[in-house]
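This report refers to the structure that appears directly beneath it.
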Amino acid sequence: MAAPCVSCGRALSARLSLTVRASLARRPGHWKPSAVDWQMGAGSQLLKLIHTTAVTTKKNVPASRHEVYTEDFIKKQIEEFNIGKRHLANMMGEDPETFTQEDIDRAIAYLFPSGLFEKRARPIMKHPDQIFPKQRAIQWGKDGRPFHFLFYTGKPSYYSLMHEGYGKVLQLEKHKGPLPVKTQHRDLIGSRWLIKEELEEMLVENLSDQDYMQFIRLLEKLSTLQCGPAEEEFVQRFRRGVAIQSKKQLIEPVQYDERGMAFSTSEGRRKSATAKAVVYEHGSGEISVNGMGYLHYFPVLQDREQLMFPFHFLDRLGKHDVTCTVCGGGRSAQAGAIRLAVAKALCSFITEDEVEWMRQAGLLTSDPRVRERKKPGQEGARRKFTWKKR
Amino acid sequence: MAPARTALPRLLCAGVRSARRWPGFLRKATPGPAGPSGRMLTGAPNPARSEPQDDHDLQRKILDLPLKHSDFFNVKELFSVKSLFEARVHLGHKAGCRHRFMEPYIFGSRLDQDIIDLEQTASHLQLALNFTAHVAYRKGIILFVSRNRQFMHLIENTAQNCGEYAHTRYFKGGLLTNAQLLFGPEVRLPDLIIFLHTLNNVFEPHVAVRDAAKMNIPTVGIVDTNCNPCLITYPIPGNDDSPPAVHLYCRLFCTTINRAKEKRRQMEILYQLPSVKRAEDSGTRRSS
């Protein structure tokens, strides 16, 4: 009987069980419909899909009972992946030895063009270590004795971390006393504790929220006591850096035209309008849109206010010249697009603090709001048909 | 005395019948008939035997010899009634907390505090340590269980030092009874469970006591005056709340287990030597 392919993804939600993840390294027969029951239609060969209620909302469920991949299976998958990689390189006419993961992604995107919006639903070909969740290897030797001394607790890695951490706390308390010493919080700024999912991934174990909270409390206690380099390193293992938002802002490089005038270009989008703006460093506040003056192009005051906003915010009204082109959208959308483009272009001429202020004011964020589609059975996106009692 | 002599052969016979579930090491340890064993003791070997037969005999010799002595590992010398007294092992709880089944072990009560009879403690302790040593000698898995947070760290360190296992954390429901599902189909359960605290954090008997009895796992346990000694194979009446007492127990168990493992290593090396030296070794064996 036909066995339609279903993804054996970790997220057992209905939506994902219907999508298909094709991969050159995997064959359909390996997929296990763990979240799905099959039922025979009455007297026919048709199969009807029934979804069970075992739905988890968490996506990263490590090592759930249903999917146990043996080491041999993983090894075979890795071999198949490597062979497939070489075939793909030959197909694309490139050297199999220097075929990197980016090349693979490009080749797959070329050979299997997909119009799906969800990036994770598109065909992928990656190393099996990145596809199959990490599983624990067999934890006991040939004589049956487990390797870890806390094996019988069920969560050996987590409890051994707690044991280690508590040992360090005891040691420090013995030497220095139980009260926290006032030290500078050097590395705690600009970094955050691991989240529960990251910790679970690191330990390849399921943890409860209480376990996680206890662990963070232990680490905080350890960090408040004055500790040596070994303890510092232990604590740093569980901190992740938080990138300062403003550093992510892309600042356009300043260019010079044939007359030696400094300018910078940038683009902006709002709804379906796109705009390209060229801002000159020295000018007299003239703005020309699509060849016309801004007063002529935007008769409404509100739109002109939008154009002025970046300059008004930085107190540079009348100090810059702008030439921009815009297409698509309506009048308000075009005004918003030009505002974003101008703000981005201005970043090249101002200090970093001012860039941060602009970012916090929302001038450098592109507005994600787009028109919501109309749904069937309703009159508009939200408006329902008039309800009639009878 | 009696429990040690009868309990172990009973377990061995049980192992022979239900060979599938029982751990591998006990299967080989069936006591041989008197004739050949007597001949082995005097050390007159037969070099004409084939190799697999030789190995089998070797195993039987290594495993049977300690069972012929009442205190093969000499655990008596590790403690004395005086050292137990100094470690405050005799101090029990108040009379109101007394458990009915602990009354035989209580010497009396002073100022409403129960005092445990150290003579009985000493004999029970000797039996328990002897049993632990035998289990460790036969390469059994020993699990230290306790739910007292004051000594959690110490007990885990003790287990690490002996090379055995510890469980001083939240005890999940079917850990022993449903181990096949939790760990895997071929997991090996502990062969001995040592309770340093029989009660859990709400002063109820630890679930592992009952589960070990269900799974036929022998237990050694320190029972205080408020504990139930019924389901524990080798109870040791004694104080489980004072730090010196718990430190003493940990030291005793650690020393016994290490001693037994060392002895096993020595015996294996001894028997690896060629058959010519066996006569000399049999002479030294008696004295060791």
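The values are calculated or read from the model by the stated rules, or taken from the named source; none is laboratory data. Keep in mind the model is a prediction, meaning the values are calculated, not measured. Note that we place each Cβ from the backbone using ideal geometry, even for glycine, and neighbour counts take in every protein chain shown.
Of the residues that make up region B:120-135, is at least one part of a helix (DSSP H, G or I), of a type in the set (Gly, Ala, Ser) and in contact with a Cys (Cβ under 9 Å, 6 or more places away or on another chain)? No, region B:120-135 has no match at all.
When B:129, B:91, B:111 are checked against the criterion of being more than 18 Å from the chain's Cα centre (by Cα), in contact (Cβ under 8 Å) with a residue 60 or more places away in the chain and away from every other protein chain (no Cβ under 14 Å), B:91 stands alone in meeting it. Of the residues making up region A:212-246, those that are hydrophobic (A, V, I, L, M, F, W, C) and part of a loop (DSSP other than H, G, I, E, B) are A:225, A:227, A:238, A:242, A:243, A:244. Got at least one residue in region A:69-83 being within 29 Å of the chain's Cα centre (by Cα) and assigned to a loop (DSSP other than H, G, I, E, B)? Among the residues of region A:69-83, at least one is within 29 Å of the chain's Cα centre (by Cα) and assigned to a loop (DSSP other than H, G, I, E, B), which makes the answer yes.
Among the residues of region A:152-176, the one identified as in contact (Cβ under 8 Å) with a residue 60 or more places away in the chain and either surrounded by fewer than 19 Cβ atoms within 10 Å (Cβ to Cβ) or within 22 Å of residue B:189 (Cβ to Cβ) (or both) is A:164.
Let me confirm something: among A:132, A:99, which residue is closer than 26 Å to residue B:185 by Cα and away from chain B (no Cβ under 14 Å)?
Unique residue meeting the criteria: A:132.
If I ask for residues that are more than 7 Å from chain B (Cβ to nearest Cβ) and either under 14 Å from residue B:160 (Cβ atoms) or in contact with a Cys (Cβ under 9 Å, 6 or more places away or on another chain) (or both), which ones from region A:147-157 would you list? Within region A:147-157, A:147, A:148, A:156 qualify. Evaluating residue B:123 against the criteria (1) more than 14 Å from chain A (Cβ to nearest Cβ); (2) touching a residue at least 24 places away in the same chain (Cβ under 8 Å); (3) more than 19 Å from residue B:192 (Cβ to Cβ); (4) not β-branched (Val, Ile, Thr) leaves one unmet condition, (2).
Conditions tested, residue by residue: (1) modelled with pLDDT under 95; (2) surrounded by fewer than 16 Cβ atoms within 10 Å (Cβ to Cβ); (3) on the phi < 0 side of the Ramachandran plot.
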site: A:280; (1), (2), (3): yes, no, yes
site: A:284; (1), (2), (3): yes, yes, yes
site: A:292; (1), (2), (3): yes, yes, yes
site: A:302; (1), (2), (3): no, yes, yes
site: A:345; (1), (2), (3): yes, no, yes
site: A:350; (1), (2), (3): yes, yes, yes
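Scanning region A:109-129 for residues that are free of Cβ contacts under 8 Å to residues at least 60 places away in the same chain and either buried (at least 16 other Cβ atoms within 10 Å of the Cβ) or within 14 Å of another protein chain (Cβ to nearest Cβ) (or both) gives a single hit, A:122. At least 1 residues being closer than 15 Å to residue A:268 by Cβ is the threshold, and among the helices (runs of 4 or more DSSP H) wholly inside region A:289-390 those reaching it are A:301-314, A:331-346, A:352-361.
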